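Colleague: Here's a structure for you.
Values in this text are rule-based calculations from the coordinates and carry no lab data. Everything quoted here is computed from the prediction, not taken from an experiment. Neighbour counts are summed over all protein chains in view; Cβ atoms, including those assigned to glycine, are modelled from backbone coordinates with ideal geometry.
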Amino acid sequence: MRRNLCLIAALLLCSCTVKENRSVCPCELLVRSDEPLKTEGNVLVSVIQNGVVVKQGMMGREDFDAGLCRLTVPRKPSKVTVFTGITGMNTVEGRRLDIRVQHQCDELYSDSVYAELTGDSQECLLTPHKNFARLNIIALGLPDDADVTVTGSVQGYDLCSTDPCEGRFGCAPDHQGQSADYNVRLPRQLDDALSMNVVVAGRRFCTVPIGVMIAATGYRFDDPDLLDISLTVDFSKSYVLVCIADWETVEYPITDF
């Protein structure tokens, strides 16, 4: 009995009361979106203070939409970042969200906000923005045994800043049978290094600098919400048509083969 009383006394000493300095007490943080999430997958929430991740958690979309994302964090000014739509990407040391080797980018939406965290509790409201682009390639005139890959120089995202991180990206686009359609989800880009690489019978057939062609349309990878992109590559006529979200079309010659 005496031992139990001592334990209770110790807990009371560690807790905050109205007579104490409330700045040393933790803050109960509720994080939610101002609208229902747009994609399936998990939600990753990070709380950053003085450039260090002090709290991080992953939860399902339904629980997040239901307002169940509550974190107990130190009462300090913070940056709160949220990535939604995580299905296959990996967290690395709590600092990065990386695309796995030979995989596409997840259907990511993300946002970050500043939170004072001065009270016992605070609500943090975010608006996740589309942080990936669907690239559709219609490849005409390719040999039946052609193998296509798309490569780039962005491997994932910084969980503190939500900015893209440099690294090797490369995967085979989704492709059904003899269809001319190839589809791949791209992360936000930092440069125009995206390439479409074609190999036939184990030998390089051509490399199409699609990043340069996309940039020529005026497409911006720094827009808050990334637009989707369509390319028509006609290897028999040696040109590429670049269409951005069904409204901007540019014809670009292929000179690499």
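Colleague: Cβ under 14 Å from residue 33's Cβ, residue 33 left aside: what net charge do those residues give with Lys, Arg +1 and Asp, Glu -1?
Modeller: Working: positive: 32, 38, 61, 130; negative: 34, 35, 62, 63, 65, 111, 123.
Around residue 33, the surrounding residues sum to -3.
Colleague: Checking the cross-link filter: which lysines have an alpha carbon closer than 16 Å to that of residue 38, excluding same-chain neighbours under 8 positions apart?
Modeller: Once the sequence-local lysines are set aside, what remains near residue 38 is 130.
Colleague: Under the 0.36 nm per residue contour assumption, what length would be gained going from the current alpha-carbon distance of residue 163 and residue 225 to full extension? Please report the intermediate quantities before stating the final value.
Modeller: On the way: separation 62, 0.36 × 62 = 22.32 nm, distance 1.33 nm.
So the chain would gain 21.0 nm between residue 163 and residue 225.
Colleague: Relative to the present Cα-Cα distance, how much length would full extension add between residue 68 and residue 114 at 0.36 nm per residue of separation?
Modeller: Values: separation 46, 0.36 × 46 = 16.56 nm, distance 2.01 nm.
Length gained, residue 68 through residue 114: 14.6 nm.
Colleague: Same structure, new question: Please state the relative contact order of segment 24-129 as a whole percent: Cα pairs under 8 Å, 6+ residues apart?
Modeller: Working: 239 pairs, mean separation 39.1, N = 106.
Relative contact order for segment 24-129 comes out at 37 percent.
Colleague: So if the hydrodynamic radius of segment 43-107 is defined as the Kirkwood radius over C-alpha pairs, what does Stokes-Einstein give as its diffusion coefficient at 20 °C and 1.002 mPa s, in µm² per second?
Modeller: Numbers: Rh = 12.9 Å.
Reported coefficient: 166 µm²/s.
Colleague: What net charge do the residues around residue 94 carry, taking every other residue with its C-beta under 13 Å from that of residue 94, with Lys and Arg at +1 and Asp and Glu at -1? Numbers along the way, then the final one.
Modeller: Values: positive: 55, 95, 96; negative: 93, 98, 158.
Summing Lys/Arg as +1 and Asp/Glu as -1 gives 0.
Colleague: Ok, one more. From Cα pairs below 8 angstrom and at least 6 apart in sequence, can you work out the relative contact order of segment 196-240, rounded to a whole percent?
Modeller: On the way: 21 pairs, mean separation 8.6, N = 45.
Reported as a whole number, the value is 19 percent.
Colleague: Just to verify a number: FRET efficiency for residue 234 and residue 101, C-beta to C-beta distance, R0 = 30 Å, to 0.05? Don't jump to the answer; show the numbers that get you there.
Modeller: Numbers: r = 31 Å, r/R0 = 1.03.
Computed FRET efficiency for residue 234 and residue 101: 0.45.
Colleague: For segment 101-208, what percent of Cα pairs sit more than 18 Å apart? It would help to have the intermediate numbers written out before the result.
Modeller: Working: 3303 of 5778 pairs.
In whole percent, the long-distance tail amounts to 57.
Colleague: Using just the Cα positions, wrap segment 39-164 in a convex hull and report its mean projected area in square nanometres, one decimal place. Could you put the intermediate results ahead of the total?
Modeller: On the way: hull surface 36.7 nm².
Directional mean of the projected Cα hull area for segment 39-164 stands at 9.2 nm².
Colleague: Can you work out the FRET efficiency for the pair residue 92 and residue 59, with r the C-beta to C-beta distance and R0 = 22 Å, to the nearest 0.05? The partial results should precede the final answer.
Modeller: Values: r = 19 Å, r/R0 = 0.88.
The calculated FRET efficiency here is 0.70.
Colleague: What aspartates and glutamates could a cross-link reach from residue 76, if we take a straight Cα to Cα line under 13 Å and drop same-chain neighbours fewer than 8 places away?
Modeller: 28, 116, 120
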